[in-house]
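Here, each number is a calculation from the coordinates, and none is a lab measurement. Note that the coordinates shown come from a computational prediction; the quantities given were computed from them, not determined experimentally. Glycine also receives a Cβ, built like all others from the backbone with ideal geometry; neighbour counts cover every protein chain displayed.
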Amino acid sequence: MTGYEIHQGIEASIGHFWSESYGQIYPVLKDLEAAGLVTADAAASGRGRKFTITEAGRVELRQLLVGLGDPPPPRNTLLLQLFFGRELGPEWCRARIAEARAQAEEQLTHFDALAAEVAAEVGYEEQQVYWSSTIAFGRAMAAALIAWADEVTPTFGVD
């Protein structure tokens, strides 16, 4: 795949929980090629080069995945806004919670479509259980946000 195709693949497959910019992908591909973890076709140059993972690259990928440490500390804008909500007022907080709830409903629709897409994939049956588990996580997080919004919205009384 080219760097562009890798970026598109990330967006289409793991984009609901991981993102990478083009500015991150191309330098990493260069480093991976220098380390012998990917090969690039010699016929193309620049951003049109197609990369293929080597067996050494697969070994390195497995080691990287197993060795991933704790996630970075969370940063949640909505919760920060609500924590200091007294400065913004109850009406603003209610509106912000409603906005977050609507986004979570959109995410549920997206995850439902993604689940149907994964279930229909041919040739990837062994991977479907893994892919589906990440989609189920996304659905659970969106559903939890909706339930939370329904629970806390009434606590923000009228001004």
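Some values worked out for this structure:
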item	result
Given charges at Cβ of Lys, Arg, Asp, Glu: the range 1-115 dipole, positive-most of F83, F111, L29	F83
Ranked V122, V59, criterion: other C-beta atoms within 10 Å, fewest first	V122, V59
Residues I25, I10, sorted so that the one with the fewest Cβ neighbours within 10 Å comes first	I10, I25
Length-normalised contact order for the range 2-60 - Cα pairs under 8 Å, 6+ apart - percent	34 percent
On Cα atoms only, tilt of 3-13 relative to the major axis of the chain in degrees	40 degrees
Choice from V28, V129, V66 showing the highest fluctuation, given a GNM over the chain with Cα pairs closer than 10 Å	V66
Cleavage-rule hits, GluC sites (Glu not before Pro), the range 54-127, DSSP coil, Cβ neighbours within 10 Å at most 15	E121
Helix 22-34 axis, angle to the chain major axis (alpha carbon atoms, nearest 10°)	30 degrees
The range 42-91: trypsin sites (Lys or Arg not before Pro) in DSSP loop, at most 11 other beta carbons within 10 Å	R75
Ratio of the Cα radius of gyration of the range 1-72 to 2.2 N^0.38 Å, where N counts its residues	1.15
Nearest-20 debye value, the chain charge dipole, Cβ charges on Lys, Arg, Asp, Glu	380 debye
